[in-house]
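The values are calculated or read from the model by the stated rules, or taken from the named source; none is laboratory data. Just so it is clear, the model here is predicted, and its values are computed rather than measured. FYI the Cβ positions are ideal-geometry reconstructions off the backbone, even for glycines, and counts take in every protein chain you see. Surface accessibility is based on the protein's heavy atoms, side chains included, excluding ligands, DNA and RNA. Shrake-Rupley method; radii C 1.70, N 1.55, O 1.52, S 1.80 Å.
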Amino acid sequence: MIAIIADIVHSRKLKNRERIQSDLSASLKRVNQVHAQVIASNFTITLGDEFQGLFKFPKGLFKALDEISVAMYPVRLRFGIGLGEITTKINRELSIGADGPAYWNAREAIQFVRRSNDYGRSNIHVIASNSSPELSLVNELLKATAMIAVNWRLTQIEVFRALLEEGLWTDKFDQGCLVRRLQISDSTLSQRLASSGLKLYLRARTEAEAALERIHHAQ
């Protein structure tokens, strides 16, 4: 299984905490519905600023995390991902009560992010029960994508949001659909894509997901 433990960065310093809690609950509900086929246990808020979930396999994992992150912008999130077994019963509706190496690894991973976040630019890390030479590749790719995304402006986030709303998570897409949805010119969209590095971000995340699938299969 693949466990995810996540939290809100500097949650105690944020204003409108009640609204942020409501936004988080709504975004998790949407992701649980969209990714129902690959989710083993729904994303669930476990503490005021922390939530967790359980995936059956990596396919769609990073897209789901991107959907949550974009929905919560400008609030920043951290993610710890753990590969391993679940040794207790799994509640499909709520990710509460389940335990095992997958969650232990996810907890260790998010603690790693809290300690080693590269001056606030890295927000995601993966730990697996069985070591793999590809795991360092996954983490380096994820760190690189996090460093790309941390510099995005609102207009660049809007492009990524539109892409996700179109059901797309690939660097190969028809720009026309985004031009129509965003009601901007082709040249403006091209400028935003170039300045954001969005296509590079998506290529790197796709490679990270493929490597994670290989690691998961070998576990």
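Measuring max minus min along each principal axis, the C-alpha atoms of region 1-69 give extents of 35, 18, 18 Å (largest first). Phi-derived couplings, Karplus 6.51 cos²θ - 1.76 cosθ + 1.60 at θ = phi - 60°, listed residue by residue for region 204-219: 5, 5, 5, 5, 5, 5, 4, 5, 5, 5, 5, 5, 4, 5, 7, 5 Hz, with x used for Gly and Pro. Students often get this wrong, so try it: which of [x] 19.1; [y] 17.7; [z] 18.5 is Kirkwood radius over Cα pairs in Å as calculated from the structure shown? Computing Kirkwood radius over Cα pairs in Å and matching it to [x] 19.1; [y] 17.7; [z] 18.5 gives [y].
Whole-Hz Karplus values for region 135-149 come out as 5, 5, 5, 4, 5, 5, 5, 5, 5, 5, 5, 5, 6, 5, 5 Hz, taken residue by residue from phi with 6.51 cos²θ - 1.76 cosθ + 1.60 and θ = phi - 60°; glycine and proline positions read x.
Just want the answer: with Cβ charges of +1 for Lys and Arg and -1 for Asp and Glu, which residue in Trp152, Thr46, Ile81 is farthest toward the dipole's positive end in region 40-164? The listed residue farthest towards the positive side: Trp152.
At 0.36 nm per residue, minus the direct Cα-Cα distance, what do Ile90 and Leu154 gain on full extension? Give it in nm, one decimal, please.
On the way: separation 64, 0.36 × 64 = 23.04 nm, distance 3.82 nm.
Going from the current span to full extension adds 19.2 nm.
Scalar couplings 3J(HN,Hα) for region 28-36, obtained by applying the Karplus form with A = 6.51, B = -1.76, C = 1.60 to θ = phi - 60°, are 5, 4, 5, 5, 4, 6, 5, 10, 4 Hz; x denotes Gly and Pro.
Given 4 °C and 1.567 mPa s, compute D for region 89-175 with the Stokes-Einstein relation, Rh being the Kirkwood radius over Cα pairs; round to the nearest whole µm²/s.
Values: Rh = 15.7 Å.
Translational D for this selection: 83 µm²/s.
Computed extension length for Leu47-Arg121: 24.2 nm, one decimal, from 0.36 nm per residue of separation with the Cα-Cα distance subtracted.
Atom-type composition of the exposed protein surface of region 84-172 places 53 percent of the accessible area on carbon and sulfur (1.4 angstrom probe).
Using the average count of surrounding beta-carbon atoms within 10 Å as a protection proxy, the listed peptides 181-193, 123-135 rank, highest first, as 123-135, 181-193.
Annotation: per residue accessible area for the chain equals 50 Å², rounded to a whole number [probe 1.4 Å, protein chains only].
Between Ser187 and Glu207, the contour length at 0.36 nm per residue exceeds the alpha carbon distance by 4.4 nm.
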